[in-house]
Amino acid sequence: DFIQTLSILSRGSLEEKLTWTFALYDINGDGYVTKEEMTDIVTAIYDMVELAPTETRGIEDRIKTKVDALFQKMDTNRDGVVTLEEFIDCCRNDEVISNSMTIFDAIVL
């Protein structure tokens, strides 16, 4: 799995990278990303960055604000979940997200 993931992230198409990223967010594997799943992943990302103790004040509010904004943008039919199609459409149309997927292009296996 690890090698396959590295291969997708370093050599995969944008759609393959986005599909992998969606699967990461879809914690229970039901084909949808809920606000709770997105909150769990965004929280884990903040935890990995290991913010200094003084920077943790208000972190829950920042995470909630970030997730609310992402969900507003991605849940285009407003049904309370993000599908793979909604996720890919949103990411493809967002230059910042699309560009962030190229960060792995420099990885050499």
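Computed values, structure above
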{"quantity": "Neighbours by Cβ (under 7 Å, 6+ apart or cross-chain): first from region 21-42, under 13 Å from Val81 (Cβ atoms); second assigned to a loop (DSSP other than H, G, I, E, B) and at pLDDT 95 or above", "calculated": "Tyr32/Asp26; Val33/Asp26; Glu37/Asp26; Glu37/Ile27"}
{"quantity": "Among residues of region 17-50, those that are among the acidic types (Asp, Glu) and over 17 Å from Val67 (Cβ atoms), counted", "calculated": "2"}
{"quantity": "Some residue of region 40-61 being at pLDDT 80 or above and surrounded by 18 or more Cβ atoms within 10 Å (Cβ to Cβ)", "calculated": "no"}
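The values are calculated or read from the model by the stated rules, or taken from the named source; none is laboratory data. Everything quoted here is computed from the prediction, not taken from an experiment. Every residue, glycine as well, gets a Cβ built from its backbone with ideal geometry; the counts of neighbours run over all protein chains shown.
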